[in-house]
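Chemist: Supplied in C-alpha cells, the structure appears directly below.
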Amino acid sequence: MATTSTKSANSGGRNETDAIAVLTADHRTVKSLFKQFETLTKQDDVDDEKAELVRQICSELTIHATVEEELFYPAVREAIDDDDLMDEADIEHASAKDLIAQLEELEPGDDHYDARVTVLGEYIDHHVKEEEGEMFVKARKADVNTVELGEQIVERKEALTAELGAEDDSASVAPPTKPQAKKSGEKRK
C-alpha cells in the first residue's frame, strides 16, 4: 500500500523489509481505513471525507494487490504445493479490483456507495485472514526468501506510489487534486 513504513509489531524481530512484515503492515493500514469509513457512515455531511478516504483505500489496495500479484504470489506459488490457495487469492483480488473500479466511478451518495465500501472491507478481511493464517505460514515453512522479496516489494511499492500519485495518502485529508485514472485497462510493468 502507499505507506512507506515497513515495520510491523508482528514481525518477530525480523528484518523490516521482510515481505510478510511489509504485507502485514499494509493489512493493518487498510483495516484502519475501513474502520474510519465505518465511523463516517454514522455521521452527516461527510461526503468529502468519505470520498477522500475511499480514494485512499482504493489506492492502498491497488498498490498492495499489484505487488502481491507481481512479486509475492509467484514466489509463494512456486515454493508451496497449494494451487487451490493461490488460485483463491487470485480470484479474491479480481473481486476486490472489480469493486475498486466501481467505487472509482462513484461518489458518496450514489446508489449503494456505502454498501460497496462495506463489502470491499468484508472481502479484504476474509482475504487477509487466509493470507496471514495460511499463505504466510506456508511461505515461511517453505523457506521463501522473504527478506529479498520484501526489498523488491518495498521498491515496487515506492514506484507504484509515485506512478499513482499516492505519495501523501497516509497524511492526506483534502480531496484529490487530479482526476483518478482508470486502472482496469493499465498494463503492469
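Chemist: Compute the orientation-averaged projected area for region 72-158 from the convex hull of its Cα atoms and round it to one decimal in nm².
Modeler: With the hull built on Cα positions only, its mean projection is 6.5 nm².
Chemist: Counting only heavy atoms of protein chains, what accessible area per residue, in Å², does region 18-160 have with a probe of 1.4 Å?
Modeler: Values: 6780 Å² over 143 residues.
Roughly 47 Å² per residue, with all protein chains present.
Chemist: About the Cα centre, and with charges only on the beta carbon of Lys, Arg (+1) and Asp, Glu (-1), how big is the dipole of region 33-147? Nearest 20 debye, please.
Modeler: The dipole of region 33-147 has a size of about 420 debye.
Chemist: Select from Thr39, Tyr73, Leu61 the residue farthest towards the positive end of the dipole of region 31-76; place +1 on Cβ of Lys and Arg, -1 on Cβ of Asp and Glu, and compute about the Cα centre.
Modeler: The residue sitting farthest along the positive end of the dipole is Tyr73.
Chemist: Here is a further query. Under a point spin-label approximation (7 Å from Cα along Cα-to-Cβ), what is the Gln36-Ser95 distance to one decimal in nm?
Modeler: Label at Gln36, label at Ser95, 2.6 nm between them.
The values are calculated or read from the model by the stated rules, or taken from the named source; none is laboratory data. Since this is a predicted model, take the numbers as computed values, not measurements. Reconstructed Cβ throughout: ideal geometry from the backbone, glycine too, with neighbour counts over all protein chains shown. Keep in mind that these areas ignore ligands, DNA and RNA; they rest on the heavy atoms of the full protein, side chains included. Shrake-Rupley method; radii C 1.70, N 1.55, O 1.52, S 1.80 Å.
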